[in-house]
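All remarks here apply to the structure that follows.
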């Protein structure tokens, strides 16, 4: 096998076939050792310097398609790295051989053989496109003529037509999907200019082939090629040509070509028609497509049935037509609305497509409906009327009225397919307790947000119709429940429709006037309560009850205006908290928390009933709190305390009564005093499992109550701080002693260690809530902060590495962000006890201590942004800070790398305005520049490319103004000139494949004053590509070409995206004043007991 690696004039093709077959045709029973050996031989063969010279022999003599593919891989690799190193004769011979090889394979007359060779031919086409990257148009100006010349032969095989169009398609993708990864900006610009000159030839050949073609495969290849060119060819050229007529007249009605035809039409529709000719042509195109489609499908067609049960071709056709409609409506709706009936017809079909069970299609339709409804609602008069509380249009809008049937269909569809709101789920924490967390399914949350805003706008457009739809749907559900539970059979009712309908009802909260909302809400609750009465079984009742609680929680305006109803709801929730059926307690506590956030202020008001005053609801509730806590699980107790803390916080704000804080913490204080007393009486209790569990439970209750209480928690902590810090010290001493004893025994007690760590962490969380809620950072920095630091900082710094807790770093970060410059006297202690020890730990490798690694850089970022002066002085005295940040920028984890880049950028930007700037630059500038440049050009390190380039750009700006940036810099030399020479020397040593001219050109460009971030990004991308290549040509070293006028007229994708984003933002800002449009941040669903489909 290894004989093939010997240098010789001819390669043993038969042996190569055998080796390739061993690797690529292996089975489950193959010898793995032989496969690995064969793989190693092939890899070594690729690395041999002259192995590429054997490719022609391999392709000529081998009968194995897999070997052909392998040989083409060898050729591809050498082309992408060493093409410019070859002599002109070698390049010419390789081009000729590759071109003749492609022609021979594409001209294959045997269909079976042609199908077998298709993957190899596709690979050869890719290799040819890579050659074109270097040769066309400068050294192969006649390529397009050479490409199309064989097509003039009347005896030519159809496969050559297919392959020619395939090469054109690949070329368009390579050039116009340019991402800066395979071509430099100069190469991409020249290729785009060349294609712009040749596109007429390409299109004419494609159109001619489509006109004369009777071969389906050739037609399909031509259509695929056209699709890739239609998205960048100037729109007027398309509409002036025969393309639209040929596509619509010959290929749209043919089943085997209609899908690719619709894709071509979609590309045309995605460009905005500007001239009269374009507008007329666009309307004609839309009319023709809709004429064909309506002849095949009527409006009452069940498109979901056709999509799911029809052929794959039909499913693709429906999918593609839907995206065509979305594209043409999004970019050319004003043109189509000149005939409003035709436009309305298309929208009606799109409303039917929205019902199709396809995730991507449903999402795209929803995004369009949001845009469409936003345009209908963006009328200034409409917005003014709605914000003043008018529910009907005083001046009917003809445009909105023309789409009334469409909007009604969309309301119906969205209401019955509403996405799930942000959801609370139950997870188990490291102590084995179940905790609530918010769902992190970003895609579902985004879909809900889109649908919610669309439904709100649809409600504003016609409140009465929305009410009728939701009411009818709810009554239909009610009848279904009645029929289901009136029979004696098993319950088979599908609750998913009930859930989605209630989510839709909840989503339009605030979009009606108070009077409309009141009548609608009362109707909804009445229907749901009746359903709950009819349902049999606790499980089914619980599902309906959860929906009732969700809807109730979504209408805070009604609850705030109807105190008695709110009080009834709260009492019902308390009743549900005593319910033992799984999930009911969770739902009740979660809704209680939601109402505390939205209606808490109402629950703090003194109640007036029968001309007599009664205490506010919160006081009554706290009096009986022990009865509620007795039936709740511990995780639910924490949530309830947080809710009560929120209400108490609002009570303090309303009544200035801090006495209620003592009432809130009464039970917690009793437990805390009991724990402290028992520990004082019996110190050995510190190691008891039950004692530690009770201590942890009490601390968690305190933490959650403090989280809700906010600023009031500082008031409480003034009298409790000493005992908490004493407990922290006591637990820490016991922890250290237990840890030492565990090292002396064969089977250490890890559970006790875990308990100690949990208690310490919870104390730190409790202290964090104190600082998080404060509105007096200066006062807390004097009264509380010194005591906290004196306790936790020495403990962290002196602890064993394995026992350092990331929660300390989280607490320090929070303190720095809240107290800000008031912490300046403690920065040195934070660095000494927390930052330096942690950086020494994590910098040994990139795997250990992930929690510490993540949080130490958050702390350093907080110090950089909030207390920079003292932090800079620490960095000046210790290289650990700068070295640690540079280590982070090169980290393999993107989170750490991005954090390091952010810190370094902020750090450098603030250094520029510091008196210590020059000393810092002399000490660190060259080191920072070298490390960042090395990370940027390391192909294995791809995280945050733009962030690294931002730093390089900033360093160039610094070098342009700083007097000195290195200790060995001549005082008479400017810093930018020094950096220019340093960079030249560094690059010459690091990249022997680059010549002096290239290095000089790049160094001069990067060190030029005034280089913007976008220009620097282009320079760095080009350099990274060129640094992988050997033997650069003179053409590569020419200055960047200015785009031609034709190219300049083409819309830039990023500019279009930015324009679109800007328009959407302006529209969203305008609509944000509409009632109900902005999402309530507390809007969540609790679906623990909701049955999903």
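The values are calculated or read from the model by the stated rules, or taken from the named source; none is laboratory data. Predicted model, so just to flag it, every value in this text is computed and none were measured. Backbone-built Cβ (ideal geometry, glycine too); neighbour counts: all protein chains shown.
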The range 911-926: number of residues that are out of contact with any helix residue (DSSP H, G or I) (no Cβ under 9 Å at 6 or more places or on another chain) and assigned to a helix (DSSP H, G or I): 2
Answer yes if at least one residue in the range 195-218 is farther than 23 Å from residue 99 by Cα and under 39 Å from the mean Cα position of the chain (by Cα), and no otherwise. yes
Is one or more of the residues making up the range 341-359 at pLDDT below 85 and assigned to a helix (DSSP H, G or I)? no
Let me confirm something: among 923, 875, 917, which residue is out of contact with any strand residue (DSSP E or B) (no Cβ under 7 Å at 6 or more places or on another chain), within 27 Å of residue 851 (Cα to Cα) and touching a residue at least 12 places away in the same chain (Cβ under 8 Å)? 875
With the requirement that a residue be closer than 17 Å to residue 69 by Cβ and without any contact (Cβ under 8 Å) to a residue 40 or more places away in the chain, what does the range 16-45 give you? 18, 19, 22, 23, 26, 38, 39, 42, 43
Lone unmet requirement of (1) farther than 19 Å from residue 415 by Cβ; (2) surrounded by fewer than 20 Cβ atoms within 10 Å (Cβ to Cβ); (3) more than 37 Å from the chain's Cα centre (by Cα) for residue 478: (1)
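Residue-wise test of (1) under 18 Å from residue 935 (Cβ atoms); (2) modelled with pLDDT of 90 or more.
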position: 961; (1), (2): no, yes
position: 968; (1), (2): no, yes
position: 974; (1), (2): no, yes
position: 986; (1), (2): yes, yes
position: 1009; (1), (2): no, no
position: 1027; (1), (2): yes, no
position: 1031; (1), (2): no, no
position: 1037; (1), (2): no, no
position: 1045; (1), (2): no, no
Hey, residue 632 hits all of (1) over 40 Å from the mean Cα position of the chain (by Cα); (2) at pLDDT 90 or above; (3) not in a helix (DSSP H, G or I) but one; which does it fall short on? (1)
Pairs under 7 Å by beta carbon, first residue without any contact (Cβ under 8 Å) to a residue 60 or more places away in the chain in the range 702-715, partner surrounded by fewer than 23 Cβ atoms within 10 Å (Cβ to Cβ), six or more apart or different chains? 715/658; 715/661
Does at least one position in the range 45-57 carry a residue that is within 25 Å of residue 170 (Cβ to Cβ) and outside any helix (DSSP H, G or I)? no
Is it the case that the range 422-430 has a residue that's more than 22 Å from residue 541 (Cβ to Cβ), in contact with a strand residue (DSSP E or B) (Cβ under 8 Å, 6 or more places away or on another chain) and either at pLDDT 80 or above or surrounded by 14 or more Cβ atoms within 10 Å (Cβ to Cβ) (or both)? yes
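Results for (1) surrounded by fewer than 17 Cβ atoms within 10 Å (Cβ to Cβ); (2) touching a strand residue (DSSP E or B) at 6+ places or on another chain (Cβ under 7 Å); (3) free of Cβ contacts under 8 Å to residues at least 24 places away in the same chain, shown as yes or no for each residue.
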| residue | (1), (2), (3) |
| --- | --- |
| 263 | no, no, no |
| 266 | no, no, no |
| 282 | no, no, no |
| 301 | yes, no, no |
| 312 | yes, no, yes |
| 319 | no, no, no |
| 322 | no, no, no |
| 327 | no, no, no |
| 338 | yes, no, no |
Quick one: is residue 58 modelled with pLDDT of 85 or more, closer than 24 Å to residue 4 by Cα and crowded, with 19+ Cβ neighbours inside 10 Å? yes
I need every pair where a residue in the range 667-684 that is free of Cβ contacts under 8 Å to residues at least 60 places away in the same chain has its Cβ under 6 Å from the Cβ of a residue that is not in a helix (DSSP H, G or I), sequence separation at least 6 or different chains. none
Which fully enclosed helices (runs of 4 or more DSSP H) of the range 744-823 have 2 or more residues being surrounded by 14 or more Cβ atoms within 10 Å (Cβ to Cβ), at pLDDT below 95 and over 35 Å from the mean Cα position of the chain (by Cα)? 750-773, 777-783, 785-798
Is it the case that residue 121 is closer than 24 Å to residue 76 by Cα, at pLDDT 85 or above and either in the same structural domain as residue 80 (by TED's automatic domain parsing) or surrounded by fewer than 21 Cβ atoms within 10 Å (Cβ to Cβ) (or both)? yes
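Quick check: anything in the range 927-950 outside any helix (DSSP H, G or I), crowded, with 17+ Cβ neighbours inside 10 Å, in contact (Cβ under 8 Å) with a residue 24 or more places away in the chain and at positive phi?
Yes: one or more hits.
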Which one is nearest to residue 724 (Cα to Cα) among residues in the range 641-672 that are in a helix (DSSP H, G or I) and out of contact with any helix residue (DSSP H, G or I) (no Cβ under 9 Å at 6 or more places or on another chain)? 670
